[in-house]
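Asker: Mind having a look at this structure? Questions to follow.
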Amino acid sequence: MTSRYSTDIVIFGGGIAGLWLLNRLQSDGFHAILFETRALGSGQTLASQGIIHGGLKYALSGSVSGAANVIADMPQRWRQCLSGSGELDLRDVAVLSDQYYMWSDGSLRSKLKTFLGSKSLVGRVEALDQNNYPTFFQDNSVDGTLYQLPDFVVDTPSLLQKLRDPVQSRIFQIDDGAYQFKKDEVSSNYRIELSKNETEIEFSANKIIFCAGEGNAELIEQASIKTISAQVRPLHMVYLKKPNLPQLFVHCIGDDFSLTPKLTVTSHTDLQGQTVWYLGGDLAEQGVSKSKADQIEAAQQLVKKLFPWIDISATEWNSFLINRAEANINNNYRPDDAYVATEGNIILAWPTKLTLTPSLADKVINALQSDSVTPAGDSESLQVLSEFRVEPDLANAYWD
Ligand SMILES: Cc1cc2nc3c(=O)[nH]c(=O)nc-3n(C[C@H](O)[C@H](O)[C@H](O)COP(=O)(O)OP(=O)(O)OC[C@H]3O[C@@H](n4cnc5c(N)ncnc54)[C@H](O)[C@@H]3O)c2cc1C
């Protein structure tokens, strides 16, 4: 039997983008529901290093564009949410480090020095006096310069949980391929046909938002979207763990003044209470074609070279491949802001970065306003969806 159901907004994808939007739309009075095919956060969000950053990396590339200014505002927006005075209440989300550092080992090219002293970065990047170095860098043999950035690091599992809890009753598990998009040729709007076991539901919504990360490619194909395509950028991430490893949060910049730090380190804690160093940056970008053994070997060499004072014996190492998913806006060019496009009543959304999720939500709200979408509510009780009631779990961190 086919039931019918209509609501204001249907969201596909339960990573940071979908969960943030679900909360934000609900607080704006909309009725929205979210469909997830796997565990919440299981794509990029739990793979991310959780750095909420002010865009120094864009500035390093020399582009202090409008987008760089958008990202510069993000740490403050997140801090407001974390203190309970922002657009979402993120109090109780664990902050792994309130500070983030950039370290240039040894010879610092004058170009970088001049750049860091430039007007656009005044007040954003501060060279630290050695007396104020965090414990990790206080070893006498440490050379180079340490900078403090406006960035900080959030614990993504606790972030996902905080965003899921208030909207849990509106999140549903669907199977891959259990949905179809039907386009009305007159209005160009889409509706969704969803099936599970013997139940079929025909959904209509004022807007359907695709924010399924890498899964957007499949959704775009299913709905035959022409406006925009998706792209992925692979990374080969490494982590190491052992008890009593010191906490470390740093970008290590080489002398070559490259856009990507040669190593980006964040620290986490696994379920056994061991410290995990999670390694990204140039190591992850350059290691995509390497085998696991070769990538771990490369990471070990780099860690030994950069931090010779740290004992990494008896350490467990691992690596995994993961794709960054973005809009393909200009022939594989890396987007530097959140991206939203519309086709019919579908909104295609990529935050580009965890950091930029508030900007993504602004863009979605703007798209709703420019189409004069106002809250209308659900046509039926959520009971109609009871077959899909299975709530997706929160995914585990990669090192658990
Ligand atoms: C290794 C790595 C490190 C990163 N570090 C940082 C960082 O430190 N700071 C930062 O700002 N950004 C970082 N990023 C980028 C950031 O993680 C992403 O931009 C962000 O998490 C994207 O969130 P999302 O919700 O769009 O996608 P995802 O987190 O990928 O979530 C998509 C969700 O959609 C679900 N899904 C897939 N297909 C379907 C479907 N058909 N129907 C329903 N659901 C579906 C998936 O199961 C998943 O739960 C990093 C990314 C990577 C890969």
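Asker: Select from the range 271-307 the residues that are within 16 Å of the ligand (Cβ to nearest atom) and acidic (Asp, Glu) and write down the one among them that is surrounded by the most Cβ atoms within 10 Å (Cβ to Cβ).
Answerer: Only one residue fits best here, namely ASP282.
Asker: For ASN131, state whether it is in a strand (DSSP E or B) and more than 16 Å from the ligand (Cβ to nearest atom). If you could, list the steps in order and put the result at the bottom.
Answerer: Details: in a strand (DSSP E or B): no; more than 16 Å from the ligand (Cβ to nearest atom): yes.
So ASN131 fails the test.
Asker: Given the structure, is ILE365 touching a residue at least 60 places away in the same chain (Cβ under 8 Å), assigned to a helix (DSSP H, G or I), within 24 Å of the chain's Cα centre (by Cα) and surrounded by fewer than 22 Cβ atoms within 10 Å (Cβ to Cβ)? Spell out how you get there, then give the answer.
Answerer: Working: touching a residue at least 60 places away in the same chain (Cβ under 8 Å): yes; assigned to a helix (DSSP H, G or I): yes; within 24 Å of the chain's Cα centre (by Cα): yes; surrounded by fewer than 22 Cβ atoms within 10 Å (Cβ to Cβ): yes.
Criteria met by ILE365.
Asker: When you look at ALA349, is it more than 13 Å from the ligand (Cβ to nearest atom) and either surrounded by 17 or more Cβ atoms within 10 Å (Cβ to Cβ) or of a type outside the set (Lys, Arg) (or both), yes or no? Give the steps one after another, and end with the answer.
Answerer: Numbers: more than 13 Å from the ligand (Cβ to nearest atom): no; either surrounded by 17 or more Cβ atoms within 10 Å (Cβ to Cβ) or of a type outside the set (Lys, Arg) (or both): yes.
In short, no.
Asker: Does ALA327 satisfy being within 12 Å of the ligand (Cβ to nearest atom) and among the small types (Gly, Ala, Ser)? Spell out how you get there, then give the answer.
Answerer: On the way: within 12 Å of the ligand (Cβ to nearest atom): yes; among the small types (Gly, Ala, Ser): yes.
For ALA327, the condition - within 12 Å of the ligand (Cβ to nearest atom) and among the small types (Gly, Ala, Ser) - is met.
Asker: For ILE310, work out the one condition from (1) aliphatic (A, V, I, L, M); (2) buried (at least 17 other Cβ atoms within 10 Å of the Cβ); (3) over 24 Å from the mean Cα position of the chain (by Cα) it doesn't fulfil.
Answerer: In the conditions (1) aliphatic (A, V, I, L, M); (2) buried (at least 17 other Cβ atoms within 10 Å of the Cβ); (3) over 24 Å from the mean Cα position of the chain (by Cα), ILE310 misses (2) alone.
Asker: Now, a different point. Name the single residue, out of those in the range 39-56 being closer than 16 Å to ARG164 by Cβ and either near the ligand (Cβ under 6 Å from one of its atoms) or crowded, with 22+ Cβ neighbours inside 10 Å (or both), that is farthest from the chain's Cα centre (by Cα). Can you show your working first?
Answerer: Taking the range 39-56 first, the residues closer than 16 Å to ARG164 by Cβ are 39-43, 45-46.
Right, trim to either near the ligand (Cβ under 6 Å from one of its atoms) or crowded, with 22+ Cβ neighbours inside 10 Å (or both) and you get 40-43, 45-46.
Details: LEU40: 13, GLY41: 9, SER42: 11, GLY43: 9, THR45: 5, LEU46: 8 Å.
Only one residue tops the list, namely LEU40.
Asker: Then there's this: Taking GLY377, is it at positive phi, surrounded by 14 or more Cβ atoms within 10 Å (Cβ to Cβ) and either within 22 Å of the chain's Cα centre (by Cα) or not β-branched (Val, Ile, Thr) (or both)? Explain how you work it out, then say what you get.
Answerer: Working: at positive phi: yes; surrounded by 14 or more Cβ atoms within 10 Å (Cβ to Cβ): no; either within 22 Å of the chain's Cα centre (by Cα) or not β-branched (Val, Ile, Thr) (or both): yes.
So GLY377 does not fit the description; no.
Asker: If you go through the range 370-400, how many residues are assigned to a loop (DSSP other than H, G, I, E, B) and at pLDDT 85 or above? Before the answer, list the steps.
Answerer: So in the range 370-400, the residues assigned to a loop (DSSP other than H, G, I, E, B) come out as 371-381, 389-393, 395-400.
This time we only want the ones that are at pLDDT 85 or above, so: 371-379, 393, 395-400.
So the count comes out to 16.
Asker: May I ask you to say which residue of THR269, THR227 is within 30 Å of GLN180 (Cα to Cα) and among the hydroxyl-bearing types (Ser, Thr, Tyr)? If you could, list the steps in order and put the result at the bottom.
Answerer: On the way: THR269 fails: within 30 Å of GLN180 (Cα to Cα).
None of the other options fit; the residue is THR227.
Asker: Which one is nearest to VAL167 (Cα to Cα), of the residues in the range 1-38 that are more than 9 Å from the ligand (Cβ to nearest atom) and β-branched (Val, Ile, Thr)?
Answerer: Ranking the candidates gives ILE33 first.
Asker: Give just the number: which of (1) of a type in the set (Val, Ile, Thr); (2) surrounded by 14 or more Cβ atoms within 10 Å (Cβ to Cβ); (3) more than 17 Å from LEU385 (Cα to Cα) does ILE192 not satisfy?
Answerer: Failing condition for ILE192: (3).
The values are calculated or read from the model by the stated rules, or taken from the named source; none is laboratory data. These figures come from a predicted structure and were not determined experimentally. In this analysis, Cβ positions are derived from the backbone assuming ideal geometry, glycine residues included, and neighbour counts consider all displayed protein chains.
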